[in-house]
Amino acid sequence: MRVLTQGPSRRPLGRTILALCHVYFLLHWLTGIFMFREKLGFSPAAVTRYYLGDPERFMNPRSFQGLLEITHFHLFAMGLFFMVFTHLLLFTPLRPALQTLLTWLLFAGLSADLAAGWLVRYLHPAFSYLKLAGFWTLQGASLALLLALLAALTNPGTGDRGQTPCRAGADSGPG
């Protein structure tokens, strides 16, 4: 529980665990770009084709049940991703305003990415622009977040600027 209130450990094993976590974060980031390119494509027309189908390419439109299953899983996975990495962001040397901006950008990117598929499929193909904007906002905010976390990890003296976001339950020492 101490990590939740006082930040990541300065012990070598704690730093190793965080470094390995960041490796997985980077791999997730890279494979996300490749998967998006392969499944949807980087153009509004390709995104629209993915959700609405294309008879000439024998592509069926995405079904309600298919979108629901993907959304259900992604709500949990993306929510956990958001909570873990924005929590770690609190312990970086970034100014609070920049931490807040990155948090909101990540949330906006995740939300737009999740919602846009539904909007393309059931409201209008023009929401394919929102899908692309949400994806690139998510990727950009994730990369900035990863770089901030790596900077805090490689410069241990600047990790939390001597502050803790929450002191509730923390040991106050003798007295």
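The values are calculated or read from the model by the stated rules, or taken from the named source; none is laboratory data. Keep in mind the model is a prediction, meaning the values are calculated, not measured. Counting neighbours? That spans all protein chains shown, and the Cβs are built from the backbone with ideal geometry, glycine included.
Checked against (1) over 30 Å from residue 150 (Cβ atoms); (2) surrounded by fewer than 16 Cβ atoms within 10 Å (Cβ to Cβ), residue 51 passes all but a single condition, namely (2).
Checked against the criterion of being touching a Lys or Arg at 6+ places or on another chain (Cβ under 9 Å), under 29 Å from residue 50 (Cα atoms) and either touching a residue at least 12 places away in the same chain (Cβ under 8 Å) or of a type outside the set (S, T, N, Q) (or both), region 93-104 contains not a single residue that satisfies it.
When restricted to residues that are among the charged types (D, E, K, R), at pLDDT 90 or above and either more than 28 Å from the chain's Cα centre (by Cα) or not in a helix (DSSP H, G or I) (or both), region 37-65 contains 1.
Condition check: more than 11 Å from the chain's Cα centre (by Cα) and either within 23 Å of residue 63 (Cα to Cα) or assigned to a helix (DSSP H, G or I) (or both). Does residue 94 satisfy that? No.
Is at least one residue of region 64-80 crowded, with 16+ Cβ neighbours inside 10 Å, under 25 Å from residue 124 (Cβ atoms) and free of Cβ contacts under 8 Å to residues at least 40 places away in the same chain? Yes: one or more hits. Can you find a residue that is modelled with pLDDT of 95 or more and over 15 Å from residue 141 (Cβ atoms) anywhere in region 10-27? Within region 10-27 (the criterion being modelled with pLDDT of 95 or more and over 15 Å from residue 141 (Cβ atoms)), the answer is no, since none of the residues qualifies. For region 39-48, filtering for residues that are surrounded by 15 or more Cβ atoms within 10 Å (Cβ to Cβ) and either among the aliphatic types (A, V, I, L, M) or more than 17 Å from residue 114 (Cα to Cα) (or both) leaves 3.
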